[in-house]
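Read the structure below first, then the notes.
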């Protein structure tokens, strides 16, 4: 599955200033929902990915072991038709696989992420698997695997408030979501293993 830009670069600048659809993605615990709450205050409609999947019949049964319900993201990408002329922020760790205009990829230093997830009451296995996903930049691997040719804004949430991050996102959108091509952006990505 290849996700192509919805618009040319010139069209994107116009759309971004009016009604962008942004994927707010990242490992659980990095701060997606907090960021979305500030984007909502700035006029974005926030859409929860799990609720969206449920609405479109793309949410599987909850796993009793970890409480997670699988989302058929490919079926959801086909089923969801966002409202036109509405600024939308999709809150969810798979949102970068939907048809959007830009991707905001949140990252967090693994030891801090581990603390956040443990404080949520996640079991040891779930904490470890999410921290490993963050350490190995799993989202970047998906962007490459699915050839997602969309602008990406990667931000480290470790020591920045959601309000600061929101201001950065808004400035990025106002600037037309400038981004390096995927193959170059991944080389500049945060690397927790170095």
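All of the numbers you see were taken from the coordinates with simple rules; none came from a lab. Small disclaimer: the values here were computed from a predicted structure and weren't measured. Virtual Cβ from ideal backbone geometry, glycine too; neighbours counted across all protein chains shown.
At a 10 Å Cβ-Cβ cut-off, how would you order 139, 56, fewest neighbours first?
56, 139
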In what sequence do 74, 99 fall when counting other Cβ within 10 Å, fewest first? 74, 99
Rounded Å value of the spacing that divides the Cα centres of the range 92-149 and the range 29-88: 15 Å
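At R0 = 22 Å, how high is the FRET efficiency between residue 86 and residue 147 if r is their beta carbon distance? Nearest 0.05 is fine. Could the numbers behind the result be given before it?
On the way: r = 27 Å, r/R0 = 1.23.
Result of the calculation: an efficiency of 0.20.
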Remind me, relative contact order of the range 9-182 in percent, using alpha carbon pairs under 8 angstrom and six or more residues apart? 33 percent
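For the chain, what is the calculated [θ] at 222 nm in deg cm²/dmol (nearest 500), taking -39500 (n - 2.57) for each run of four or more DSSP H residues and dividing by its residue count?
On the way: 9 runs with 81 residues, N = 194.
Taking each H run of at least 4 residues, the total per residue is -12000 deg cm²/dmol.
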Listed with the fewest Cβ neighbours within 10 Å leading, 140, 80 appear as 80, 140
Among 142-150, 27-35, the order from most to least packed when residues are scored by Cβ within 10 Å on average: 27-35, 142-150
Once both labels are modelled 7 Å past Cα along the beta-carbon direction, what's the residue 61-residue 132 spacing in nm? 2.6 nm
